[in-house]
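A.B. asks: Got a structure here, written out as structure tokens. Questions coming.
Since every read-out is calculated from the coordinates, none of them should be taken as a lab result. Source: prediction; values computed, not measured. For neighbour counting, all protein chains shown are included, and Cβ atoms are generated from backbone atoms with ideal geometry for every residue, glycine included.
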Amino acid sequence: MISTARYWFLLTLIVLVYIAGMFVTLFENDSAQFAVMAMRMVQENDFLSLFKGPEEYLDKPHMHYWLAALSYKIFGIHDWAYRIPGILATLLGAYSCHGLGKLLYNKDVGRFAALIFMTAQTIVLANIDVRTDAVLTGFAIFSIWQLVTYIEKNTLKGIILGAFGAGMAFSTKGQIALVVIGVSVLCHLAYTRKWMRLINWKVLVALVVFGLTIAPMLYAYYHQFDLHPEKIIREKDHRSGIFFIFWEQSFERMSGEGVGKNSSDFFFFFHTFLWVFLPWTVLALIAYWTKLKTFWEIKFAYRPQLEFLTFGSISILFFLISFAQFKLPHYMNILIPLYAVLSAGYLYRIHHEQKEKVAKVLVIVQYFILSLVFVFTVLVCFYVFKLEHWYGYLVLLAALSGVVYYCLKREVPYLKVLTISVCSSLLLNGLLNTHFYPRLLQYQAGSTMAGKVAEDNIPVDKIYKISEGHTWALDFYNKNPVNITTLTELMDMSDVWVYATDAELEKMQRDGLDWSQQITVDQFRITRLQMKFLNPNTRQQKLNRMHLVHLD
């Protein structure tokens, strides 16, 4: 199977790509927003309350923000410090995929699963555009692995660690963590018929551990919301934080109540999966279909050499989340470890059962995906955002040479599938993290303006805005949230700076406000790319502007 040297070589390259992404400017909205929320915890020395700008935040629990705040405390308030907990959780997730694959199959499947998980496109992106999902996913699969270890080996350590992981995942994003963990464990119990594991004193120990793990989060919710029933949160008073996290949260997401509806398309996650699991999508689809066919033929009878956990939990959970009225692509992240183990198991089966035809088809598919990545690389480097320095071309040449080496290397098909797929991810995300994103984020006004503020030594506490529109990137990189005011109040102010759009600037002029200095930067919603923006010849047509003006 895969040699230890190649496994660690590929894993090292993947980690280097992740490290390169640590230093990319934070994306608006969610990454920068969450980074600011954690920053305020540290600056205001209040770790019990969550605020989104001026508003009380009752949506996701505290763990992600606490971990980011802890990182700030250790390393200082930096974008790379904000990303550290997510990357560590992803490494935990990869280790857990390895452990679960090894437990359900063998060591080689464990190695395959770790590589597949770390190179799935949505997982790499989750460590650049960091939200709560990286921490959620890492602790959820860790919990599943440890609880299944308890079921198989009856170890106290397994169920304690599993309960701790479940508590951390629940404290990060709420009920979805327990649903995914619970469904996965129940699928394994149902198929292996090991229900007696639930009738054991160790389960009571696990419940205590889980309760202790979530206690800080529950206390924080109680302190911020339950003690203050007069607070109006999303047009409702008497909001209980504890009741919300145990009952209301997921139902509001499913129904769209409170958070709104953005998609009633039942098949949203079906077509989303086609890109979030790249470059492994085709492998995963074939693996799922083969598993379905196998279980159908044996009428779902128990076979010691088969595992039902990944197939069963993916089937149930995918069906459930498809009913949600509020959907976003990263909601699938928590399922990616299960897909990784399922796909890794099938990749091993291809080799073990000598399915040469299937393996050769997969090799062709992976070459096709690699060719698309190559075309994208050339377009980005020579057209969209041209390389500016000689060493950029040198690095690109070295990367392409490495890919060509593995393409020409003669080896068994399954290993070719694995290596070429990893190379596709490395080439794509290496390019994104070191060149594409840094150039793209020059068009994010908030972070660009923060650089101008630092360069001109503008006092950050004297910067105002006249709307409640969010300015997360400017807030974070100034290390100070922009003050909110009104035009009327501005009339009586002097020696202050105002951050404004074109329309707001015109309104200020009409109301008789004058300024002596003006800094203008380009603005584009960089998380919603358009072809006209990517085309250098039409890019200016899609740009807006943001201004910082000084009122004497």
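A.B. asks: Around Q354, which amide H atoms from residues at least 5 apart in sequence, or from another chain, sit under 5 Å from its own amide H, with H modelled in the peptide plane?
C.D. replies: Here nothing satisfies the definition.
A.B. asks: Additional query: From the helices alone, meaning DSSP H stretches of at least four residues, give me the mean residue ellipticity at 222 nm for the chain, per-run term -39500 (n - 2.57), in deg cm²/dmol to the nearest 500. If you can, show how the numbers build up before the last one.
C.D. replies: Values: 24 runs with 334 residues, N = 552.
One gets -19500 deg cm²/dmol as the mean residue ellipticity at 222 nm.
A.B. asks: If you don't mind, another one. Give the lysines reachable from K507 as a straight Cα distance under 21 Å; neighbours fewer than 8 places away on the same chain don't count.
C.D. replies: Qualifying lysines at Cα under 21 Å: K462, K465.
A.B. asks: Would you work out if the chain is rounded, prolate or oblate? Take a ≥ b ≥ c from the square roots of the eigenvalues of the alpha-carbon gyration tensor; rounded if a/c is under 1.5, else prolate when a/b is larger than b/c, oblate otherwise.
C.D. replies: Details: a/c = 2.26, a/b = 1.34, b/c = 1.68.
Here the chain falls in the oblate category.
A.B. asks: If you plug each phi of the range 305-315 into the Karplus form 6.51 cos²θ - 1.76 cosθ + 1.60 with θ = phi - 60°, what whole-Hz ³J(HN,Hα) values come out, in order, with x for Gly and Pro?
C.D. replies: 7, 9, 10, 9, 4, 5, 4, x, 5, 4, 4
A.B. asks: Under a 5 Å amide H to amide H cut-off, with H placed in plane at 1.01 Å, what residues pair with K52 once short-range neighbours are removed?
C.D. replies: When sequence neighbours closer than 5 places are left aside, the close amide H contacts are Y57.
A.B. asks: By counting other Cβ atoms within 10 Å of each Cβ, how are D552, D59 ranked from fewest to most? Intermediate results must be reported in sequence, preceding the final value.
C.D. replies: On the way: D552 9, D59 17.
By the 10 Å Cβ count, ascending, the order reads D552, D59.
A.B. asks: Over the range 444-551, what relative contact order in percent results from Cα pairs under 8 Å that are six or more residues apart? List each step's numbers first, then the result.
C.D. replies: Working: 160 pairs, mean separation 33.8, N = 108.
That works out to 31 percent.
A.B. asks: Moving to a separate point now. With the Cα gyration tensor of the range 353-415 giving a ≥ b ≥ c as the square roots of its eigenvalues, does the rule (a/c under 1.5 for rounded; else a/b larger than b/c for prolate; else oblate) give rounded, prolate or oblate? Don't skip to the answer; put the middle values down first.
C.D. replies: Details: a/c = 6.00, a/b = 2.26, b/c = 2.65.
Judged from the Cα gyration tensor, the range 353-415 comes out oblate (a/c at least 1.5, b/c at or above a/b).
A.B. asks: Oh, and also: Tell me the angle of helix 133-153 to the major Cα principal axis of the chain, expressed in degrees between 0 and 90 and rounded to the nearest ten.
C.D. replies: Result, in degrees: 20.
A.B. asks: Follow-up. Cross-link candidates for K194: which lysines have Cα within less than 25 Å, leaving aside residues fewer than 8 places away along the same chain?
C.D. replies: Those lysines meeting the cut-off are K102, K107, K153, K157, K202, K291, K293, K299.
A.B. asks: Let me ask something else. Need one number: % antiparallel among DSSP beta bridges in the range 444-551, to the nearest 5.
C.D. replies: Values: 13 of 17 bridges.
Percentage antiparallel, nearest 5: 75.
A.B. asks: Same structure again: I need the phi-derived Karplus couplings for the range 525-532: 6.51 cos²θ - 1.76 cosθ + 1.60, θ = phi - 60°, integer Hz, Gly and Pro marked x.
C.D. replies: Taking θ as phi minus 60°, the curve returns 6, 5, 8, 10, 5, 10, 4, 5 Hz for the range 525-532.
A.B. asks: Just flag the chymotrypsin sites (Phe, Trp or Tyr not before Pro) in the range 322-363 sitting in loop per DSSP whose Cβ has no more than 13 other Cβ atoms within 10 Å. The partial results should precede the final answer.
C.D. replies: Working: sites: F323, F326, Y331, Y339, Y346, Y348; in loops: F323, F326.
When the chymotrypsin sites (Phe, Trp or Tyr not before Pro) of the range 322-363 are filtered for loop state and at most 13 Cβ neighbours within 10 Å, F323 remain.
A.B. asks: When a footprinting reagent is the concern and you count Cβ atoms within 10 Å, what order do L418, L370, L394, L186 take, fewest first?
C.D. replies: On the way: L418 28, L370 21, L394 11, L186 16.
Least crowded to most crowded, the residues run L394, L186, L370, L418.
A.B. asks: Indicate the gyration tensor shape class of the range 93-144 (rounded, prolate or oblate), computed on the Cα atoms with a ≥ b ≥ c the square roots of the eigenvalues: a/c under 1.5 is rounded; otherwise a/b larger than b/c is prolate and the rest oblate.
C.D. replies: Numbers: a/c = 4.13, a/b = 1.71, b/c = 2.42.
Verdict is oblate for the range 93-144.
A.B. asks: OK, next. 7 Å from Cα along Cα→Cβ at both D46 and T527: what's the point-to-point distance in nm?
C.D. replies: 2.5
A.B. asks: Applying a 10 Å radius around every beta-carbon, put 295-307, 133-145 in order of their mean neighbour count, most first.
C.D. replies: Numbers: 295-307: 11.5, 133-145: 30.1.
Descending packing order for the listed peptides: 133-145, 295-307.
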